[in-house]
Structures are given as structure tokens and as C-alpha cells.
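Data first, discussion second: the structure below is written as C-alpha cells.
The values are calculated or read from the model by the stated rules, or taken from the named source; none is laboratory data. Since the model is a prediction, treat every value here as computed from it, not as a measurement. Glycine gets a Cβ as well: all are built from the backbone with ideal geometry, and neighbour counts include every protein chain shown. Accessible surface areas use protein heavy atoms only, side chains included; no ligands, DNA or RNA. Shrake-Rupley method; radii C 1.70, N 1.55, O 1.52, S 1.80 Å.
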Number of protein chains: 2
Amino acid sequence: MNFVSDARLLELPHHVREDGEVVVAEVMAHIPFTIARLFTVRAPLDTERGKHAHRRCTQFMICVHGAVEIICDDGSGKCVFTLNRGNLALHVPPGIWNTIIFHKEDSVLAVLCDRLYEEEDYIRDYDAFICFRQGARL
Amino acid sequence: MNFVSDARLLELPHHVREDGEVVVAEVMAHIPFTIARLFTVRAPLDTERGKHAHRRCTQFMICVHGAVEIICDDGSGKCVFTLNRGNLALHVPPGIWNTIIFHKEDSVLAVLCDRLYEEEDYIRDYDAFICFRQGARL
């Protein structure tokens, strides 16, 4: 079972030139899993999204435009990460409750996942999440 | 050898709610290859980027913020695609010369690739590209 200390912020290579900036994330070098799915999330200013945990899915998050705050919670501890540059990525293992706050207008969060969408992988109720964490620890 | 008619625009599933929008791209269902790399490109308004072809790399492009125009050229024909919504994707097979024009301030293009970065995979000179196309057709 993972703890918030297993969520990991990393800086991706970026190449800045007069005609723009390129940020690169390679599988294995930066993304520690085979990618099954990409999704992007846009939300109005100050919206809270996420508010769920995954039983098995691992996520790799990049704020490709704007800025978001991601609160990771393992039921015992919390960590807050700010993604406010396109070359910052957050690796979130399964078993962590995530809340994402969209801090700037027009922010876009891109998330790479190691699993396809499976509704049964989601824990959307916080009390059920605490039971899941306690059960898993017994 | 691919032609511009093999470049393919597709509409990705998107889920719009009051608290935001989610766009999903799944490997196999939408992305027809195993992902080796993601890169994002930001560029000043009206900048032209790309201006190269790949010998072997296949790309899957999503404009995650703003709008870009992508000109695909196989040496004989050209196609112009506009990515101006986050749920439009362009699948570009290898052997196609691409030019990307950043049409809106703060536009961000995300590109998924089936290969890691290999400098020898790039053809950066247009005359060399035409020779590559002609050689490949002989």
C-alpha cells in the first residue's frame, strides 16, 4: 500500500529556444509504466476536481497550461504539490486520494495512466477510502 | 510509404460537465501504437515549428490549449488540418513533412510518439526529404 510520500514530483527535460519550448517525457526514463490512456482535464477557475482514489491505476500528471494544485492524501498524511510549469510532473501511485484545484483560468491537466478506464477501480466516497486504507493495512 | 491521405483526423470522446471537461485517448481504441514518448510544444504566436519529416516515427497530435494548423506534405500532395479543440487528434504516419503554425497565443501541442528520440530519424532538409520520397518510390 502506498503512502503520500510515494507520490513524486519530477522535473522533465525542456528545451527552450527563441521559437518556443519543448518538454519531453519518455517511458521508462520518466514515466515508469506502459501507457494505456491519456486524458486531459479543463475546469473553471478554483474548481476542485478528482476527489477520488484508484485501487490499481497509477497516474503521471503534467499541467500543460496554467497551474493546478494537487492534494494527495493516504488517510494518515497529506502532501500538496503545485504544478505551475509545463516541465513539472507528478507521479501518483494507486491508493492515494487526490484533489485537484484549478488555480488559473484556462488551466489544462494532462494525465497518463497505466490502465484503461475501469469504473470499479475508482473509490469516490472518502469514508469508503478510509475503510479501504484500513482494510488494506490489516 | 505513406501519403498525406494516410494522415487522419479523429474526434476523441469528451465528457463535458458544469465543473469542466475531460477528453480521453486510449491506446488501441484511438492511439494505434505503443507510446514511447510524450512531448509538448509551446511557441510564440504565428511561429512555424516542425518543418521536418520522420523516417520511422508515428505521431499522434492533440492541441491541448489554443489552436494550431498542421500542414502535412508527402512531396506530391499537401493537406492542412486545424486543431482548434482539445478533443481533435491528428494521427501522422512516418514519411510525411510536417509544418505546425501556432495560430493563437499560448497554444500548446501535445504529441505522443511510438519511438524514443533518435536524431537519425529526422529529415530536416526539404530537398533531402524529396530525395527520400523519390528513393523510397523507386
- Query: Restricting the search to segment B:1-27, which residues are over 27 Å from B:Gly95 (Cβ atoms), acidic (Asp, Glu) and at the interface with chain A (Cβ under 7 Å from one of its Cβ atoms)?
  - Reply: B:Asp19, B:Glu21
- Item | Filtered residue count, segment A:94-107, keeping only those that are open to solvent by 10 Å² or more (accessible area, probe 1.4 Å) and part of a loop (DSSP other than H, G, I, E, B) | 5
- Message: Just to verify a result, which residue in segment B:1-33, among those that are surrounded by fewer than 17 Cβ atoms within 10 Å (Cβ to Cβ), within 14 Å of the chain's Cα centre (by Cα) and of a type in the set (A, V, I, L, M), is farthest from A:Thr40 (Cα to Cα)?
- Response: B:Leu9
- Query: Within segment A:83-93, is there a residue that is crowded, with 16+ Cβ neighbours inside 10 Å, out of contact with any Leu (no Cβ under 9 Å at 6 or more places or on another chain) and either more than 9 Å from chain B (Cβ to nearest Cβ) or assigned to a strand (DSSP E or B) (or both)?
  - Reply: yes
- Task: Any residue in segment B:64-88 that's under 12 Å from B:Asn98 (Cβ atoms): show its pairings with residues that are at pLDDT below 95 and aromatic (Phe, Trp, Tyr) at Cβ separation under 8 Å, as long as the two are six or more apart or on different chains.
- Result: B:Asp74/B:Phe3
- Message: Tell me the residue from B:His54, B:His30 that is modelled with pLDDT of 95 or more and more than 13 Å from chain A (Cβ to nearest Cβ), please.
- Response: B:His54
- Restricted to segment B:36-57 and to residues being within 14 Å of the chain's Cα centre (by Cα) and open to solvent by less than 20 Å² (accessible area, probe 1.4 Å), the residue nearest to B:Asp127 (Cα to Cα) is B:Ala53
- Task: Specify the residue that is nearest to the other protein chains (Cβ to nearest Cβ); the eligible residues are those in segment A:94-107 that are in contact with a His (Cβ under 7 Å, 6 or more places away or on another chain) and over 12 Å from A:His54 (Cβ atoms).
- Result: A:Asp106
- Item | Residue tally, condition at the interface with chain A (Cβ under 7 Å from one of its Cβ atoms) and either open to solvent by 50 Å² or more (accessible area, probe 1.4 Å) or of a type in the set (A, V, I, L, M, F, W, C) (or both), over segment B:58-70 | 1
- Task: Determine whether segment A:108-120 contains at least one residue that is open to solvent by less than 30 Å² (accessible area, probe 1.4 Å), away from chain B (no Cβ under 14 Å) and in contact (Cβ under 8 Å) with a residue 12 or more places away in the chain.
- Result: no
